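The values are calculated or read from the model by the stated rules, or taken from the named source; none is laboratory data. Small disclaimer: the values here were computed from a predicted structure and weren't measured. Note that each Cβ is placed from the backbone with ideal geometry, even for glycine, and that neighbours are counted across all protein chains shown.
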Amino acid sequence: MRIVGRTPFSTALHAGRRSRELARLGDEPRVDVVVIGGGITGVGAALDAASRGLRTVLVERHDFAHGTSRWSSKLVHGGLRYLASGQIGIAHESATERHLLLTRIAPHLTRPLAQVLPLYAPGHVSQGAFIGMGYGLGDGLRRFVGTPDAVLRSPGPIGVAETARLAPGVRRENLRGAMRGWDGQLIDDARLVIGVARTAAGFGASVLSRVEAVHATGDRVRLRDGLTGEELDLAARAVVNATGVWAGGLDPDVRLRPSRGTHLVIDSARLGGSDVSLTVPVSGSRSRFVFTLPAQHGRTYIGITDVPADGPIPDVPEATEAEIDLLLGTVNAVLAEPLTRADVVATFAGLRPLLTSPHDVDETSDLSRRHAIRESSTGVLTVVGGKLTTYRRMAEDALDEAIRRRQLPARASATRALPLVGAWPRDRLGEVAAPPRFVRRYGAEAPYAAALPDGPSAACGVTAQELQWGVAVEGALSIDDLLDRRTRLGLVADDRRASTDAAAAAFERAGVDPPAVA
């Protein structure tokens, strides 16, 4: 596999570029497409538009990946769950987009993840057969879309010894082995958002954080610079609302039923340092599972819940006590040493922007993950629904609709074959001349990141070079941007406290004063 990732313009995002882009928009305030929202759907739409040759502006009132896009399970799903519920089209779409992410778009930011479901007597035979049938269907879909065995292996049963080797923390009493399946995993979801945003900038898009759309119609947007308070009016041929669960703020016709997905954060050592995902059925359900998910900085995430999130939409959702109890109780069913509240070093939660169903449903887990593009009474095109794995297809569909409705002169979408900045074949990542830590985070760009000047390091081994790369190349404008989204050190309070001075030093080395923004 050969991956080429050149763009016509620089992909580096930083405070200086942001200022220049805003000044240029003030001089030339007519554009083709304005995308509102800097999560994965918004940056995907900006990349799709810019790579088609359209003059594109993306604005985000906070930082990129500030909302739902940083609170996922970091999985690149193949659609097995949707097969089980008869949503064949969504399952196929998920498997296709997983294939593209793993093999072409972002092999440097993804990896295969083994999912191990322990089987206990009594009932292990029937449970194994049921799970094996589902894994088999998912594997058939994998083969159908062309994902090779070298990327995702076929599922199958494993014995007691192999189960204990892969998942040392499992309870051995009555253990009869496990079923092992495979799915894709992101190094980090916020890193994917930044990679897409930078690639969009490389195709000429103006990608602007801390810029709010205070008013929008189908052909005009008023922007406010969150750092200076200055306002700017843009004339646009198409306006795309990609604000997720906040979409109703720009389009009151959108009807969503948000669902909250919660995760716990524990030290990986508590599970024996396992690098696989333990998969545990939720009591009383044959289709819902809790997963352990190995993550950065020696942490493991445990998730995920799927419960209705009623009321006002918060900027940062929070886990509830009931959700914490559910996740601990479920995963403890297979652990030799049950986890306690003391083992939970942090929690996080995100809101899924699910479209309401024409039929009444009791659970948000029963709502479709299908996406839709709708035009508001003001002419704004809103893209809603969907999920992280299918962001590229959502973006393509949104731009196809904008081009059709607004008669924009644009090429066909090229993003199926467009690698993100830093993309490099997974089986050749060992050729990149940089420390493995940098290669895992930056792919082909790792040597450039590693060559930056040294300085104070942060917690969990995060280096001064990584912090400075976040400021100079990845658009971090504040210490919170660095800790919460470029490195994820802000997830655990102790790590944040230990890293704040090093993050501030990164701005000093870059010659930038971080503004007092959250």
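List of remarks:
- Residues of the range 399-431 that turn out to be over 30 Å from Ser376 (Cβ atoms) and not in a helix (DSSP H, G or I), as a count: 7
Residues are listed down the side, and each one gets a yes or a no for (1) within 16 Å of Ile187 (Cα to Cα); (2) modelled with pLDDT of 95 or more; (3) among the β-branched types (Val, Ile, Thr):
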position: Ala444; (1), (2), (3): yes, yes, no
position: Thr463; (1), (2), (3): no, yes, yes
position: Ser478; (1), (2), (3): no, yes, no
position: Asp495; (1), (2), (3): no, yes, no
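The rows are residues; the columns are (1) among the polar types (S, T, N, Q); (2) part of a helix (DSSP H, G or I); (3) out of contact with any Phe, Trp or Tyr (no Cβ under 6 Å at 6 or more places or on another chain).
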| position | (1), (2), (3) |
| --- | --- |
| His66 | no, no, yes |
| Tyr82 | no, yes, yes |
| Glu97 | no, yes, yes |
| Pro112 | no, no, no |
| Ala150 | no, no, yes |
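- Among all residues of the range 122-131, there is at least one that is part of a helix (DSSP H, G or I), closer than 18 Å to Phe291 by Cα and β-branched (Val, Ile, Thr).
- The set of residues in the range 152-175 that are in a loop (DSSP other than H, G, I, E, B) and either without any contact (Cβ under 8 Å) to a residue 12 or more places away in the chain or of a type outside the set (Lys, Arg) (or both) comprises Leu152, Ser154, Pro155, Gly159, Ala167, Pro168, Gly169, Glu173, Asn174.
- Only one of the numbered conditions (1) part of a helix (DSSP H, G or I); (2) surrounded by fewer than 23 Cβ atoms within 10 Å (Cβ to Cβ); (3) over 20 Å from the mean Cα position of the chain (by Cα); (4) without any contact (Cβ under 8 Å) to a residue 40 or more places away in the chain is not met by Gly490, and that is (3).
- Complete set of residues in the range 451-474 that are out of contact with any Lys or Arg (no Cβ under 6 Å at 6 or more places or on another chain) and farther than 16 Å from Ala434 by Cα: Pro456, Ser457, Ala458, Ala459, Cys460, Leu467, Val471, Ala472, Val473
- When the range 315-332 is limited to residues that are in contact with a Leu (Cβ under 8 Å, 6 or more places away or on another chain) and in contact (Cβ under 8 Å) with a residue 24 or more places away in the chain, the one that is nearest to Ile304 (Cα to Cα) turns out to be Leu327.
- Filtered residues of the range 222-253 (kept if loosely packed, with under 14 Cβ neighbours inside 10 Å and more than 29 Å from the chain's Cα centre (by Cα)): Thr228, Gly229, Glu230, Glu231, Asp233, Ala235
- In the set (1) of a type outside the set (Asp, Glu); (2) assigned by TED's automatic domain parsing to the domain that holds Gly490; (3) farther than 20 Å from Arg210 by Cβ, the condition left unmet by Ala434 is number (2).
- Taking the criterion of being assigned to a loop (DSSP other than H, G, I, E, B) and of a type in the set (Lys, Arg), the only residue of the range 186-239 that qualifies is Arg210.
- Considering Leu102, Leu22, Leu80, the condition of being hydrophobic (A, V, I, L, M, F, W, C) and in contact with an Asp or Glu (Cβ under 7 Å, 6 or more places away or on another chain) is satisfied by Leu22 alone.
- The numbered conditions (1) under 24 Å from Ala295 (Cβ atoms); (2) at pLDDT below 95 are all true for Gly422 except (2).
- Taking the numbered list (1) at pLDDT below 95; (2) loosely packed, with under 14 Cβ neighbours inside 10 Å in turn, Ala342 passes all entries but (1).
- Among the residues listed as Pro118, Pro122, Pro112, the single one being over 26 Å from Gly244 (Cβ atoms), out of contact with any Leu (no Cβ under 9 Å at 6 or more places or on another chain) and at pLDDT 95 or above: Pro122
- For the range 10-56, a residue qualifies if it is free of Cβ contacts under 8 Å to residues at least 12 places away in the same chain and not in a helix (DSSP H, G or I), and exactly one does: Glu28.
- Yes/no for Ala434 being surrounded by 19 or more Cβ atoms within 10 Å (Cβ to Cβ), modelled with pLDDT of 95 or more, out of contact with any Lys or Arg (no Cβ under 6 Å at 6 or more places or on another chain) and not in a helix (DSSP H, G or I): yes
- Test result for Val316, within 23 Å of Asp32 (Cα to Cα), modelled with pLDDT under 95, of a type outside the set (Lys, Arg) and within 25 Å of the chain's Cα centre (by Cα): no
- Sole residue being outside the structural domain of Phe64 (by TED's automatic domain parsing), over 30 Å from Ile373 (Cβ atoms) and of a type outside the set (Phe, Trp, Tyr), chosen from Ser274, Ser287: Ser274
- Glu466 more than 20 Å from the chain's Cα centre (by Cα) and either outside the structural domain of Ser209 (by TED's automatic domain parsing) or not small (Gly, Ala, Ser) (or both): no
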